1. Averaged over all directions, how much area does the convex hull of the C-alpha atoms of the chain cover when projected, in nm²?
2. As an exercise, use a Förster radius of 22 Å and the Cβ-Cβ distance of Val6 and Gln35 to find the FRET efficiency, rounded to the nearest 0.05.
3. Cα-based Rg of region 46-98 per 2.2 N^0.38 Å, rounded to two decimals?
4. Can you give the percent of C-alpha pairs in region 77-162 whose distance is more than 15 Å?
5. Using a basic spin-label model with each label point 7 Å from the Cα along Cα→Cβ, how many nm lie between Lys141 and Thr100?
6. Starting from the Cα-Cα distance between Thr149 and Val42, subtract it from 0.36 nm times their residue separation and give me the gain in nm to one decimal.
7. Could you work out the relative contact order of region 1-152, using alpha carbon pairs under 8 angstrom and six or more residues apart, expressed as a whole percent?
8. Considering only protein heavy atoms and a probe of 1.4 Å, how much of the accessible area of the chain is carbon and sulfur, as a whole percent?
Amino acid sequence: MQHLSVNEYLRQHIRTVPDWPAPGVQFRDITPLLQDPKVFRVLIDAFVHRYMDQDKRPDVVAGLDARGFIIGAVIAYELNVGFVPIRKKGKLPFTTVEETYELEYGSATVELHADAVQPGDRVLLIDDLIATGGTMMAGKKLLERLGATVTEGAVIVDLPELGGSKRLRDAGLSVFHLVDFDGH
């Protein structure tokens, strides 16, 4: 029996959907990682084991709308720390701070409750995938505006050819991913 690394095991469970949402795009679908309880546990454990170490342990996990909520909340639970959602504009009911960022065609805005983190909190920022890095950069700026320190941005999938992870690193954010794919 062949033994796979955790990264290769997870890669085998990510579905590629060609030409979605547009021709030429190879969409990396993480939902198969969530459907199988064994695979989902391997995924979550890979993150939890990394962030259990005291030097990497956050005070709070922040998840980016919407897939970052799925994995971020479970990771926060396992680490016994709080979880805060960073949502699309207009979805949070309390006083918020917002950050607008550019997309390929237009712009988008994300929000965070103004009391979501405290000055000095160490925050792990979670999403499912890094493409251009715009969403994660916006989340980082929101958290820092409230006085938190974003210790790392973590994702399941990195698409390095799109330049997002390099952009984030150039902005001073350490980035961790479990799987990368060439192309986009």
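The values are calculated or read from the model by the stated rules, or taken from the named source; none is laboratory data. Computed from a prediction, not measured in an experiment: that's the story for all the values here. Cβ: placed from backbone, ideal geometry, glycine included. Neighbour counts: every protein chain shown. Only protein heavy atoms, including side chains, enter the accessible area calculation; ligands, DNA and RNA are left aside. Shrake-Rupley method; radii C 1.70, N 1.55, O 1.52, S 1.80 Å.
1. 11.1
2. The pair Val6/Gln35 has a calculated efficiency of 0.80.
3. Details: Rg = 12.2 Å, N = 53, 2.2 N^0.38 = 9.9 Å.
Region 46-98 yields a ratio of 1.23.
4. So the portion of pairs separated by more than 15 Å is 59 percent.
5. Going by the 7 Å Cα→Cβ label model, 1.0 nm.
6. On the way: separation 107, 0.36 × 107 = 38.52 nm, distance 2.77 nm.
Gain on extension, Thr149 to Val42, equals 35.8 nm.
7. About 18 percent, as a whole number.
8. 51
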